[in-house]
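**Student:** Before anything else, here's the structure in question.
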Amino acid sequence: MTATIDISMTDFNRKEHWEKIYQTKSLNELSWYQPSPLTSLEFMNELDIAKDAKTIDIGGGDSFLVDNLIEKGYVHVSVLDISGKAIMRARKRLGDNANMINWIEADAAEFSPDTHYDFWHDRAAFHFLTDENEIRHYANTAYESINHGGHLLVGTFSTDGPTKCSGIEISQYSESSLAERFSKFQHLKTLMVDHITPSGGRQNFIFCLFQKA
């Protein structure tokens, strides 16, 4: 049985925490492990995101979304993660295909991109931000960094979901509270999804799709 880690936010170093997570746990031990990111792909298919669209996966780490995007022919894909070890694991898995991706090792709470995106994807990264200034910075950065007409897809734990993940307290969201955080965007759609963890647990997610009108 894996012991529960409870992280005190006193002197908490977010990067060190995630580097340790990816150094000590295999992919299928992580609660957010998802061999097929169906919800994200369904949103992209519904939007008919162009293959040459500039896309970014925030907190993508070694998730499998990037594998699917390469397979589908997307040519301008960026993956951001705070953990260099997570990125290294993804690069190793992808082999030569890793050279097709723009890898960004950075904290999403401090990210200041030097380019603009057509599709900004975030599954289970935004809810780790609990500091008001960091939350506002993220929302403002997303708005300023997405092209007009571009889309933002954010998936977080819902108000029926967990209150902690990997020993860290998270911010739960409802449809209204998530829409309020990204109020500069036009809110297009909401979807509630139950994610089954590798251990068989159930986590309720809320996905909200926005557009920069």
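**Student:** For residue 17 and residue 135 in one chain, what is 0.36 nm times their gap in residues minus the Cα-Cα distance, to one decimal in nm? Display every interim value, and only then the final one.
**Tutor:** Working: separation 118, 0.36 × 118 = 42.48 nm, distance 1.93 nm.
Separation in residues times 0.36 nm, less the Cα-Cα distance, equals 40.5 nm.
**Student:** Using 25 Å as the Cα-Cα cut-off, could you pick out the over-long pairs in 20/92; 51/189; 20/51; 15/212; 15/72?
**Tutor:** Values: 20/92 18 Å; 51/189 22 Å; 20/51 35 Å; 15/212 30 Å; 15/72 31 Å.
From the list (20/92; 51/189; 20/51; 15/212; 15/72), the Cα-Cα distance tops 25 Å for 20/51; 15/212; 15/72.
**Student:** Once you place label points 7 Å from the Cα toward the Cβ at residue 196 and residue 213, how far apart are they in nm?
**Tutor:** For the pair residue 196/residue 213, the computed spacing is 3.9 nm.
**Student:** What does the C-alpha gyration tensor say about the overall shape of the stretch 1-156? Classify as rounded when a/c is under 1.5, otherwise prolate if a/b is larger than b/c, or oblate.
**Tutor:** Values: a/c = 1.77, a/b = 1.24, b/c = 1.42.
Oblate.
**Student:** Using only the Cα atoms of the stretch 67-130, what do you get for the radius of gyration and for Dmax, in Å?
**Tutor:** Using the Cα atoms of the stretch 67-130, the pair Rg, Dmax is 12.3, 37 Å.
**Student:** Another one. Quick check on the exposure proxy: order 101, 196, 56 from fewest to most C-beta atoms within 10 angstrom.
**Tutor:** Numbers: 101 21, 196 11, 56 25.
By the 10 Å Cβ count, ascending, the order reads 196, 101, 56.
**Student:** Which FRET efficiency value, to the nearest 0.05, do you get for residue 115 and residue 183 by plugging their Cβ-Cβ distance into 1/(1 + (r/R0)^6) with R0 = 25 Å?
**Tutor:** The computed FRET efficiency comes out at 0.55.
**Student:** Could you let me know the centre-to-centre spacing of the stretch 73-146 and the stretch 175-213, using Cα atoms, in angstrom?
**Tutor:** Rounded to whole Å, the Cα centres lie 18 Å apart.
**Student:** Hey, what did the stretch 1-158 get for relative contact order, percent, Cα under 8 Å, at least 6 apart?
**Tutor:** The normalised contact order for the stretch 1-158 reaches 21 percent.
Laboratory data are not the source of any read-out in this text; all were calculated from the coordinates shown. Since the model is a prediction, treat every value here as computed from it, not as a measurement. Heads up, the Cβs are rebuilt from the backbone with ideal geometry, glycines too, and the neighbour counts pull from every protein chain shown.
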